[in-house]
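**Q** Take a look at this one; I'll ask things after.
The values are calculated or read from the model by the stated rules, or taken from the named source; none is laboratory data. Computed from a prediction, not measured in an experiment: that's the story for all the values here. Reconstructed Cβ throughout: ideal geometry from the backbone, glycine too, with neighbour counts over all protein chains shown.
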Amino acid sequence: MAKLPQQGRWQLVNPWLGEGAPFGILNVDFATLLGSARWWIEEAALSSVAKTGIDSFSARYALRSKSGAFRARLRDDGELEMDFYQGPPILKCRAVPRGETQWRVARMAILTCVGNPGWPTGPGHGALIGDGDVYTFERPNMTSSTSGWDVLTTSSYLAKTDNLARPIIIQELNMSRVNAGQVMDYIHRSIRADEDFISSGWCSLQSAAALAVGVSGGFDPTGLNTPLAVHDRVKSLGLVTKTYRIWDTAKTPAQHVSALVQQLSQYYYGVVAPVGPDVRTW
């Protein structure tokens, strides 16, 4: 699912019906819920800007003697589907990204799932956490128009049945070494390009590729084809400030516990439960 950025700029595509769109450029800052509508050199502030979902918002406008309200939904390709439901003209149109979209993230972490559901000795899964959301490349949908990336809140992702049943290793990253905006920009460009699971790589490959564009001092993603390999690379480069595991063995099938304990001992030795705040509070 697409997620609203901190700041976005779009150009409306005129449907050439009736009067057409009431303005041409839309700017929105979702952190402050402020924005503007522009028509050539005329520009006016939006009012009543409100997030109505992880990928949608609404606002009111008044420009060129026209006023009304619209709803907008962000698609995976970065475009908006806009529905003007009050004021002239009442229409539906789309808006395409214009200029830089800002994805401001203050904190990032690597998430590594140990083992596979039903196969505790499997390679597991890797993903990235940006503030309160998990960005995970795992959606198998090669025949649809939606990319392999999925975006869920961290609490929702950790609450999935498969993830409750296995250890989750968290590596919080040193943000003086990681440009989170560049990492997020890679992910959203990948989403807009409709990169699909398997045909465009899998979880660890895409996580490593995203990190490669945002890590200062170099981060070579070559050969990082397993979640463990990504875990080991960021550790060896000194990119990690805090490592811990999230695991409730009571939620793990009893027949899998010993194999998972062995994997923890072999590959993640010394990683224990978090002390103090963790990603679940981001």
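**Q** Here's a check for you: in region 125-153, which residue that is among the aromatic types (F, W, Y) and modelled with pLDDT under 90 is surrounded by the fewest Cβ atoms within 10 Å (Cβ to Cβ)? I'd like the intermediate steps shown before the answer.
**A** Step one: filter region 125-153 for residues among the aromatic types (F, W, Y), giving 135, 137, 149.
Remaining after also requiring modelled with pLDDT under 90: 137, 149.
Numbers: F137: 28, W149: 25.
Once the filter is applied, the top-ranked residue is W149.
**Q** Identify, from the list G87, G68, G78, the residue that is within 17 Å of N27 (Cβ to Cβ), of a type outside the set (D, E, K, R) and in contact with a Pro (Cβ under 8 Å, 6 or more places away or on another chain). Quick ask: steps written out before the conclusion?
**A** On the way: G87 fails: within 17 Å of N27 (Cβ to Cβ); G68 fails: within 17 Å of N27 (Cβ to Cβ).
Just one listed residue meets the conditions, G78.
**Q** How many residues, within region 155-173, are in contact with a Lys or Arg (Cβ under 9 Å, 6 or more places away or on another chain), of a type in the set (A, V, I, L, M, F, W, C) and not in a strand (DSSP E or B)?
**A** Selection size over region 155-173: 3.
**Q** Continuing with this model, one more query. Please find, within region 43-69, the residue that is surrounded by the most Cβ atoms within 10 Å (Cβ to Cβ) out of those that are in contact with a Phe, Trp or Tyr (Cβ under 9 Å, 6 or more places away or on another chain) and not in a strand (DSSP E or B).
**A** L46
**Q** Mind checking which pairs have a first residue in region 28-42 that is part of a loop (DSSP other than H, G, I, E, B) and a second that is of a type in the set (D, E, K, R), Cβ under 8 Å, 6 or more apart or different chains?
**A** Note: pairs meeting the criteria are F30/K51; A31/R104; L33/K51.
**Q** Still on this model: How many residues does region 74-121 hold that are more than 17 Å from the chain's Cα centre (by Cα), within 26 Å of I168 (Cα to Cα) and either assigned by TED's automatic domain parsing to the domain that holds T52 or in a loop (DSSP other than H, G, I, E, B) (or both)?
**A** 6
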